Amino acid sequence: MTRPAVIVTGAAAGIGRAAALLFAERGYGVVAVDVAVPVCPDGSDGLVPLVGDVSEEPVNEAAVALAVREFGRLDVVVLNAGIGGTPPLDAPGAIERFDRMVAVNLRGPVLGIRAAAPALRARGGGAIVLTASVSGLAGDPGVWAYNATKAAVVNLVRGTAIDHARQGIRINAVAPGLTDTPRTAVHRDDPDLEAELTRRIPMGRWARPHEQAEAIWFLASPAASYITGVTLPVDGGLTASTGLLPPPLT
Ligand SMILES: NC(=O)c1ccc[n+]([C@@H]2O[C@H](COP(=O)([O-])OP(=O)(O)OC[C@H]3O[C@@H](n4cnc5c(N)ncnc54)[C@H](O)[C@@H]3O)[C@@H](O)[C@H]2O)c1
């Protein structure tokens, strides 16, 4: 019997790395896609790296071909690669940066869904999980470009979920809140900023990457068999709050 197979993008670090390792631990063959060399720890049999940029169509097609070649099937796709770094709108280079964020955060998942759908259909269905963000559910100062691309992901999930529902392909997203990854290290390196951000989270702490991976696992699993088109906040209660009043300290 062949093992189930998953593609995970952005698999070299952070949430994608945690998801790739979780699926591998639980018996999946994993195609781990990243612009950096994705992690393949010793003994993690079944993790196949693919170095490439998700904003390029051939990379997405190659990931599907690799899953089928290595594992004989494709069951789940985790479209997680994403970038931040919003400049002020009037800064030099702001539009070039915006274009790049659209390419990675939005075009990437669009290409990923398009490339994977035929292989999933061929098996009678499957699951696709995107990584949106709480920044796609509301806005924050100085984050306009990231806000826009992640909000687009939330509605991409809705629209594509409807189009693929009768093919047995479920499409959902997680919306992480603040999560302890290489990408957010810059915030944690500033103790005042870290304390200020942490104070706003009702649970009083940041997420660990494996907590995002577990939510991705759930949405991809048969336990979520009647769930499609949703974005699940995984944010310690952050988006449960209007933000008007600080959460109680005890
Ligand atoms: N960390 C957080 O607090 C947080 C919160 C909300 C949403 N997110 C989202 O979660 C996802 C993962 O974030 P993270 O914090 O783990 O980030 P990270 O920067 O720690 O890891 C992201 C990985 O994606 C890879 N990557 C970047 N651009 C790529 C491209 N074009 N093609 C292929 N791989 C690429 C990077 O090399 C890196 O290995 C992103 O979509 C991010 O927007 C993160």
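Since every read-out is calculated from the coordinates, none of them should be taken as a lab result. These numbers come from a predicted model, not from an experiment. Neighbour counts are summed over all protein chains in view; Cβ atoms, including those assigned to glycine, are modelled from backbone coordinates with ideal geometry.
Given R₀ = 41 Å, FRET efficiency for ARG114-VAL186 by Cβ-Cβ distance, to 0.05?
Numbers: r = 33 Å, r/R0 = 0.81.
Plugging the Cβ-Cβ distance into 1/(1 + (r/R0)^6) gives 0.80.
Return one number: the angle in degrees, 0 to 90 and rounded to the nearest 10, between the long axis of the Cα atoms of helix 108-122 and the longest principal axis of the Cα atoms of the chain.
It works out to around 30 degrees.
Quantify how much of the Cα-Cα distance distribution of the chain extends past 26 Å, in percent.
Working: 11432 of 31125 pairs.
Tail of the P(r) past 26 Å holds 37 percent of the pairs.
Quick check: the angle from helix 209-220's long axis to the longest principal axis of the chain, C-alpha only, nearest 10 degrees?
For helix 209-220, the angle is close to 50 degrees.
At 7 Å along Cα-to-Cβ for each site, give me the label-to-label distance between ALA122 and PHE218 in nm.
It works out to 3.3 nm between the two label points.
Expressed in nm to one decimal, what extension gain is obtained for the pair THR239 and ASP163 from 0.36 nm per residue of sequence separation less their Cα-Cα distance? Before the final figure, lay out each step's value.
Details: separation 76, 0.36 × 76 = 27.36 nm, distance 2.80 nm.
Full extension of this stretch gives 24.6 nm more.
For the range 1-42 and the range 145-181, what is the separation of their C-alpha centers, rounded to whole Å?
Distance between centres, Cα-based: 20 Å.
Consider a paramagnetic label point 7 Å from the Cα of VAL102 along Cα→Cβ; state which residues of the range 141-180 have an amide N under 17 Å from it.
144-156
Pull up all non-local amide H partners of ALA173: gap of 5 or more, or a different chain, and H-to-H distance under 5 Å with H placed in the peptide plane.
LEU130, VAL230, THR231, LEU232
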